[in-house]
């Protein structure tokens, strides 16, 4: 295991499970000192082998709490180098006429305002310390086009993609990079019902059937992408939305060929 993040101060929201937990563990294993934040922790990160992990209960959509999270990272580790704004909720698959404005507000508070607050307060801490940094927000392929998630969820993730683009521009000259990762179907608590239903029917082979790799993703695969975007290896990547979906978004929907290599229309 490398130690490319040795001594780095990292803040991760939505850290108790799924992509967030995998990200916390990876950063800590590679030497980072991680503040792992979640509103309702269900699983504590495993002890780090190289770096350290401090778990904090907090609401990623509440400005006072986000400011406090950032302050904790600065006070405990002498600054802040990396933020992973990962916290999110699905909002279900309710249709256009089945959701209220209140439903949208609660989802946007976490999925879109949360990343905004992480960027606002995290970037300010980095700039005050005169140090460069990296911010990675979890968006989704659902934010690229319709059909990959509920309406409110998809709109919130589209907002995240635009947010990182605008933030990258507004932070010109600061040395702070802001990017997004756009996962496809990944085995997390958010997709648990889908995975459970497929497995209970012996149809796990249908999971991820729409992408060329014909499988769903694993949290660790998304965590590795987040770590790449936060690392010096991605030092010239800024304001981008990196898609990690097994190839799902490379094509518009079409009828699958009966044989490999055979097109269908």
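We did not get these values from a lab; they are worked out from the coordinates using the rules stated. A quick note: this is a predicted structure, and the numbers were derived from the prediction, not measured. FYI the Cβ positions are ideal-geometry reconstructions off the backbone, even for glycines, and counts take in every protein chain you see.
A P(r) calculated from all alpha carbon pairs of the stretch 1-139, with 10 Å bins opening at zero, reads 13, 43, 30, 10, 3, 0 percent. A viscosity of 1.002 mPa s and a temperature of 20 °C, combined with the Kirkwood radius over Cα pairs in Stokes-Einstein, give a translational diffusion coefficient for the stretch 56-98 of 169 µm²/s. Each of 89, 82 was scored by other Cβ atoms within 10 Å of its Cβ. Arranged with the fewest first, they read 89, 82.
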